[in-house]
């Protein structure tokens, strides 16, 4: 367990007879093959299992047969290299869904209503009631870039708020009611004052949301209210070009932006943090008691399947 | 208009032939009878029309016949004194409902997920990912103190998040499905890890939420998760005893508190602002473009009714 694990899950694994080691390794250690002595390695996002690392830990008497990503995104694991060495890769795809759904709605309201800015200014001794006029979500178009599990959960709550749901996802067939499907990201951005990002990071999506894309957003809600443009990203850093984001926030193309994920983390030196129109949290999408407990349960279940010689359901390279 | 007005509403009133003056008066001016020259005065929360002020502006050739509160709460207007002098008092009860509903949901998620604290810490150069473990709303009991328009709007969204709705309101008959009605505030607090306040400020509700009441909250969700206790107040300051709130936040009886309203405003010197578990906004419940536009439209409509000699629908002392 290189990036920590839920205590209950650790106990369950030990009770099942497994020996559990919790230790974080540096990139140098990883390249030296330090995890080849384990049958299974469980990582979150901090440990990067590149092609070189997987090679170094899979040759010469390696025991490694399973990598479990405690979470969803596997952009820190070289899948093809794992497959080449017959190392299975599993994730825990649904355990953190609701945690990210709720955080996304929180970011969306909090940024359009300037909650973090109000909180910050009050601590600076400023009662900024007049400057903090916000806008409502009801009656506006919410554009979802990616329409997987998390996006659909966000859509359900956003509908109850009274938003109209739009989506672009080239990998999903539109079988949804109450959702306007678009055939390009450009079309989605042109139609929506509010955008929330719910896709994976890949070469196809890296910097997909850049200054030009943001500039397509309409500024005026479909209800006729001048609500400005708003973007939330609780998915993965790197999908938004942060330089373009900064430019759009400072020249008025974008009214607020709210990010839980960044191109480089920890992102404490970003120039975005100078802007009151920007809201940030430190990659806490899955950081709930509930999600960590569910992730722990899924890890135990994956280990049990694997021990029995079965291929776990969430295996990504079977 | 002593506390400002929507520009479109001002234009509409002028086009209808009314003379509109926008000017804020001090308490001394008000006691001197400075608003007796107006037929109608429109206030928000900043102007306090006490019994003495209404008396001073209603005797001796006063023109004053209508007070419009641009907003909901009329705790800053002495209603019985207005009635004594035959001055009608109207508010705009539904114009800001949705603005407060959305802000309440924003405060609730933002505080349970530590969004403002994360944002503040990032600006201080601290990537506090590990310390900001939060809890989810889904599966928890939300207790609504007061079950009027705003509370019911909050309930609808909270249900879509997966919360179970509880309420206490001695003035409303329980005719709602999917809501557990309690016969006392103590019973409500004993049943709910999450409380949101939606009642008026009156002698009956002043300091109703004190340390003892908060101490009844259960700390563990009905889903078995140790989520702690959380309180949101976007209704009116003074309902919560802020000294008791501080004590509960510092000794662990309460996990987070999130306030838009305070006993004394502007509340920039509150000792609550020293706590990371506390989130605050400067009374921005109705501060949206949409609500201000709707309030303006309602004011125009009230003035039109009054000009025709009708009693406006929202009159509180007809």
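Taken together, the values in this text are just the output of simple stated rules run on the coordinates, not laboratory data. Since the model is a prediction, treat every value here as computed from it, not as a measurement. Cβ: placed from backbone, ideal geometry, glycine included. Neighbour counts: every protein chain shown.
Counting, for every residue in A:268-278, the Cβ atoms of other protein chains within 10 Å of its Cβ and taking the mean gives 2. The residues A:97, A:104, when put in order of fewest to most other Cβ atoms within 10 Å, stand as A:97, A:104. Could you tell me whether the range A:168-263 comes out rounded, prolate or oblate from its Cα gyration tensor? Rule is a ≥ b ≥ c as square roots of the eigenvalues, rounded for a/c under 1.5, then prolate if a/b exceeds b/c, otherwise oblate. Verdict is oblate for the range A:168-263. Rg/Rh for chain B (Cα atoms only, Rh after Kirkwood) is 1.01. Inter-label distance, residue A:80 to residue A:308: 3.4 nm, where each label sits 7 Å from its Cα along the C-beta direction. Label points for residue A:308 are taken 7 Å from Cα along Cα→Cβ. From this copy to the others they lie 7.4 nm apart, shortest first. Report the FRET efficiency, 1/(1 + (r/R0)^6), for residue B:212 and residue B:133, where r is their Cβ-Cβ distance and R0 is 30 Å, rounded to 0.05. Calculated transfer efficiency: 0.55. In plain terms, the residue of A:77, A:115 with the fewest other Cβ atoms within 10 Å comes first and the most crowded comes last, giving A:77, A:115.
Partner shielding of B:125-138 amounts to 6, given as the average count of beta-carbon atoms from other chains within 10 Å of each residue beta-carbon.
Largest first, the three principal axis extents of the alpha carbons in the range A:1-116 are 57, 33, 23 Å in whole numbers.
Here the chain B residue lying nearest the rotation axis onto A, judged by its C-beta and given with the distance in whole angstrom, is B:160, 2. With the simple model of a label 7 Å out from the Cα in the direction of the Cβ, residue B:190 to residue B:14 spans 6.0 nm.
Ordered by the number of other Cβ atoms lying within 10 Å of each residue's own Cβ, fewest first, B:197, A:195 fall into the sequence B:197, A:195. Projecting 7 Å from Cα along the Cα-to-Cβ direction, the label point of residue B:83 sits 7.8 nm from its equivalents in the other copies, listed shortest first. Across peptide B:288-300, the mean count of Cβ atoms from other chains lying within 10 Å of each residue's own Cβ comes to 3.
Across identical copies of the chain, residue B:264 has label-point separations of 4.7 nm, listed in ascending order, with the point defined 7 angstrom from Cα along Cα→Cβ.
Note on the range B:97-280: Cα-Cα pairs beyond 31 Å make up 10% of the total pair count.
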